[in-house]
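Asker: I'd like to ask some things about the structure below.
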Amino acid sequence: MESNLIQITDMNRYYEFGGETLQVLKNVSITINKGDFVAIVGPSGSGKSTFMNMIGCLDQPDSGSYLFDGEAIEEMNDRELALIRNQKIGFIFQNFNLLTKLSALENVELPLSYRGLSQKNRTNMAIQVLREVGLEERMHHLPSQLSGGQQQRVAIARALAGRPDILLADEPTGALDQKTGREILDLMKKLHKEGHTIILITHDDKIAKEASRIVRIEDGCLSEEGGIPLGNVTINQNGSKKYS
Amino acid sequence: MSQLIKMAVKSIVSNKLRAFLTMLGMIIGVSSVIILVSISQGSSKQISDQIGELGTNLLTINFYNTDSSSFKEKDLSTLKELNSVKEVAPVVSGRVTVKNGKTSSEVSVTGTTSSYQDVRNVKVSSGRFFTDFDNEERLKTAILGSDTATTLFGLSNPIGESVQINGTSYKVVGVLESSGSSLGQSGDDIVLLPIKVAQRLLQNTTISSIYVQAQNENVVNFAKANIESSLSVLFGGSQDNFSVTNQQDVIDTVSSVSNTMSIMLGGIACISLVVGGIGIMNIMLVSVSERTKEIGIRKAIGAQKMDILLQFLIESIVLSSFGGMIGVGLGVSLAKIYSVISGTAISFSIPVIILSFTFSLLVGVMFGVFPAYKASNMRPIQALRFE
């Protein structure tokens, strides 16, 4: 039986822009299971980033509930959120977001160091994941000494280092050329096959097709491709939206 | 923790010029505290040592208005008979010109008795001191201070030679050991004469001051009281014509003056430490806003507020304590160089060195907290979006 890893129900998020209140997420609901490879597709301004921040526990909803592995994220304080991000979520960013003054190895060690692991354990675990992404040879290089594809591999290794429950990738190929982008996608597919849960955020339909599940976000509303229900609550309040 | 310090050092080293300029305030502050305090304490220690060498059982009686109410030599026996008094040495003093051939020197002259040697603890390096015989017979004998001897005779031995004092010939019987200088006055630029000879030379029959040696250190204050009461009988009940001081009073006065000076100089230097601290805060604030993105990344991958706070706090503490350490090194070596060049005594006070270093560390903490707090409170989403 598949188990629910993420269960978001009726999530709303508002932002204030120059005195005007904007609803960025509108009654969003989704269930993501362990082992899923979900692509969240949408044009810019669709609320995609906000949704990613919500899933990544970087932000909290104004209303609605978010259960991550059975824990209520909306009730957590900053400290608990940081713990969830550190232990359960691995971030992969468009611009890699490596710390430029640290070597590849030190970058990968960073999330482990915030867990309070000993130096020896950290290094061992970090070297292991660097081997998995094929960068063991270059672990003492600085990010500036690596190509874009290699930097993104380091970032993936960093995300993997803590053995998180999900990998959250925000346009991971956005800053790469087609060939290296392809390699990164292949690496992610491989990770999915190995059992990792991956959430891929992109604006590109072609990339989204690599995933096993595609969820569209438009104007703050979610819709699942292929007619599979998004969760136990459907988005019928926005019934006009079609599963297209 | 060691990881955090390593990280802080790394980030400081990656921006050497800025780090150095930031530390400059600390360096100047700490080194000036150390230099100023060690110089002022050194001179105060030198002065107290010199005074202390005279013996702590020494009392000095000074007379004022010696014309109207004079203290004569015969009155000395009154003081000498006091139980608490061991020895007295009366002194008349003035300034004279001493000549040897064509070389002449303006020196201060002290007329005294044979007891002066014991009471003031002076030693002759060659020749002999006065005897009572020299005094009673008014023999024109002189003892030269070591500087006076070198000025007049150079390297040759002055014993047995004669010098002209205000035109009259005196036979040199001894040369004093050097006693060093005190309060900028050389104690070696003098001539000693038997008191009766000096009184005739200076045309003055009174005594300007008396050095009194108490039986021992414990009765110094008792001796002082005894002297004061017997002198006031002598002067018809008045205490206005004389004063009795002991060496401890002089040492206390000197050290209280120099302590006030130390505190003032230290205080001024502390202000530069505070200014240095503001410099650190300024740079840390710049550093926080420059590294907003980094803070965002660290928070996204799970850094707690405390992790970020410590990171920046430790950076500013490392900066300020590095500055403090360099300041200690610089201060100690500059003070040493100063003392070698100028010949001034310096005295390093370990507590002051530790205190100024600790102060620089504290400044680092105090002025580092605000930027670190600012960094730790950033929202991860905003920080991540920052380019």
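Bear in mind these aren't lab numbers, they're just calculated from the coordinates by the rules spelled out. Quantities reported herein were computed from a predicted structural model and do not represent experimental measurements. Every residue, glycine as well, gets a Cβ built from its backbone with ideal geometry; the counts of neighbours run over all protein chains shown.
Asker: Identify all lysines with a Cα-Cα distance to A:Lys34 below 18 Å; exclude those on the same chain that are fewer than 8 residues away in sequence.
Answerer: A:Lys88, A:Lys189, A:Lys190, A:Lys193
Asker: Sticking with this one: Using 0.36 nm per residue, how much length does the chain from B:Ile5 to B:Ile350 gain when fully extended, once their Cα-Cα distance is taken away?
Answerer: Numbers: separation 345, 0.36 × 345 = 124.20 nm, distance 2.68 nm.
Gain on extension, B:Ile5 to B:Ile350, equals 121.5 nm.
Asker: Turning to a different aspect of this structure: Would you mind classifying region A:41-149 by shape? Square roots of the alpha carbon gyration tensor eigenvalues, ordered a ≥ b ≥ c; an a/c under 1.5 is rounded, otherwise it is prolate if a/b is larger than b/c and oblate if not. Display every interim value, and only then the final one.
Answerer: Values: a/c = 2.77, a/b = 1.55, b/c = 1.79.
Cα axes put region A:41-149 in the oblate bin.
Asker: Report the Rg/Rh value for chain A, based on alpha-carbon coordinates and the Kirkwood definition of Rh. If you can, show how the numbers build up before the last one.
Answerer: Numbers: Rg = 18.0 Å, Rh = 18.5 Å.
Radius of gyration relative to Kirkwood radius: 0.97.
Asker: Shifting gears a bit: Could you sort the peptides A:20-29, B:155-164 by per-residue average Cβ neighbour count (10 Å cutoff), highest mean leading? Spell out each step's value before the answer.
Answerer: Working: A:20-29: 17.3, B:155-164: 14.8.
Final packing ranking: A:20-29, B:155-164.
Asker: Next question. Using the beta-carbon distance between B:Thr78 and B:Asp49 and R0 = 22 Å, what value does 1/(1 + (r/R0)^6) give for FRET efficiency, to the nearest 0.05? Let's see the in-between values first.
Answerer: Numbers: r = 34 Å, r/R0 = 1.53.
After rounding to 0.05, the efficiency reads 0.05.
Asker: Now for a separate question. Among A:Gly18, A:Gly56, A:Gly220, which one shows the highest mean-square fluctuation when chain A is modelled as a Gaussian network with alpha-carbon springs under 10 Å?
Answerer: Its mean-square fluctuation being the largest, the pick is A:Gly18.
Asker: Same structure, new question: Taking just the alpha-carbon atoms of chain B, what radius of gyration and Dmax come out, in angstrom?
Answerer: Using the Cα atoms of chain B, the pair Rg, Dmax is 32.6, 104 Å.
Asker: Would you mind putting A:38-50, B:360-372 in packing order, based on average other-beta-carbon counts within 10 Å, highest first?
Answerer: Details: A:38-50: 19.3, B:360-372: 21.3.
Answer by packing, highest mean first, reads B:360-372, A:38-50.
Asker: Calculate how steeply helix A:78-88 sits against the longest principal axis of the alpha-carbon atoms of chain A, using the helix alpha-carbon long axis, and give the answer as 0 to 90 degrees to the nearest 10.
Answerer: 70
Asker: Give the average over all directions of the projected area of the C-alpha convex hull of region B:183-318, one decimal, in nm².
Answerer: Convex hull of Cα atoms, orientation-averaged projection: 17.7 nm².
Asker: Taking a virtual spin label 7 Å from the Cα of B:Arg95 along the C-beta vector, which residues in region B:204-225 bring their backbone nitrogen under 19 Å of it?
Answerer: B:204, B:208-209
Asker: Now a separate question. For chain B, with a Gaussian network of springs between Cα atoms less than 10 Å apart, report the residue from B:Gly327, B:Gly154, B:Gly52 with the top mean-square fluctuation.
Answerer: So, out of B:Gly327, B:Gly154, B:Gly52, the one fluctuating most is B:Gly154.
Asker: I want the local charge near B:Ser48. Using Cβ-Cβ distances under 14 Å, sum +1 for each Lys or Arg and -1 for each Asp or Glu among the other residues.
Answerer: On the way: positive: B:Lys45; negative: B:Asp49, B:Glu53, B:Asp249, B:Asp252.
In short, -3.
Asker: According to the square roots a ≥ b ≥ c of the eigenvalues of the Cα gyration tensor, what is the shape class of region B:268-310, taking rounded for a/c under 1.5, prolate for a/b larger than b/c otherwise, and oblate for the remainder? All intermediate terms of the calculation are to be shown ahead of the outcome.
Answerer: Working: a/c = 7.86, a/b = 2.65, b/c = 2.96.
Note, shape of region B:268-310 comes out oblate.
Asker: Further question on the same structure: Mind checking the mean number of beta-carbon atoms from other chains within 10 Å of the Cβ atoms in B:2-11? Each step should come with its number before you reach the end.
Answerer: Working: counts 1, 5, 1, 0, 1, 6, 0, 0, 3, 1.
Across the residues of B:2-11, the mean count of other-chain Cβ atoms within 10 Å is 2.
Asker: Another question about this same structure. Given q = 0.12 Å⁻¹, what are the Debye log10 I(q)/I(0) values for the protein assembly as shown, with equal point scatterers placed on the Cα positions and solvent ignored?
Answerer: Here the Debye-derived log intensity ratios amount to -1.15.
Asker: Pick from B:Lys123, B:Lys86, B:Lys305: which is most flexible by mean-square fluctuation in a GNM of chain B where alpha carbon atoms under 10 Å apart are linked?
Answerer: B:Lys305
Asker: Work through the residues other than B:Val286 whose Cβ is under 14 Å from its Cβ and net out their charges, Lys, Arg +1 and Asp, Glu -1. Write down the numbers at each step before the final one.
Answerer: Numbers: positive: B:Arg18, B:Arg291, B:Lys374; negative: B:Glu290, B:Glu294, B:Glu315.
It works out to a net charge of 0.
Asker: Shifting gears a bit: Short version: what are the Cα gyration tensor semi-axes of region B:199-270, square root of 5 times each eigenvalue, largest first, in whole Å? Don't skip to the answer; put the middle values down first.
Answerer: Working: eigenvalues 237, 66, 32 Å².
Computed over region B:199-270, the values are 34, 18, 13 Å.
Asker: Still on this model: Can you compute the modelled spin-label distance between B:Thr206 and B:Ser156, with each label point 7 Å from Cα toward Cβ, in nm?
Answerer: So the label points at B:Thr206 and B:Ser156 sit 4.2 nm apart.
Asker: What's the center-to-center distance, using Cα atoms, between region A:103-123 and region A:156-182 in Å?
Answerer: Between the Cα centres of region A:103-123 and region A:156-182 lies a distance of 19 Å.
Asker: Same structure again: What is the distance in Å between the Cα centres of region B:191-214 and region B:105-176?
Answerer: 14
Asker: Hand me the chymotrypsin sites (Phe, Trp or Tyr not before Pro) from region B:57-157 located in a DSSP loop with no more than 13 other Cβ atoms within 10 Å, in residue order please. Can you show the working numbers first?
Answerer: Values: sites: B:Phe63, B:Tyr64, B:Phe71, B:Tyr116, B:Phe129, B:Phe130, B:Phe133, B:Phe153; in loops: B:Tyr64, B:Phe71, B:Phe129, B:Phe130.
Filter output for region B:57-157: B:Tyr64.
Asker: Calculate, for A:Arg131 and A:Ser212, the FRET efficiency according to 1/(1 + (r/R0)^6) with r their C-beta to C-beta distance and R0 45 Å; round to the nearest 0.05.
Answerer: On the way: r = 26 Å, r/R0 = 0.59.
In this case the efficiency is close to 0.95.
Asker: While we're here: Where the centroid of each part is defined by its Cα atoms, how far is region B:309-334 from region B:343-386 in Å?
Answerer: After rounding, the separation between the Cα centres reads 8 Å.
Asker: Computed over the Cα atoms of region B:81-214, what is the convex hull's projected area averaged over all directions, in nm²? Mind dumping the intermediate values first?
Answerer: Values: hull surface 32.9 nm².
Averaged projected hull area, Cα only: 8.2 nm².
Asker: So how far apart, in nm, are the two label points at A:Glu80 and A:Thr21 if each is 7 Å from Cα heading toward Cβ?
Answerer: 2.5
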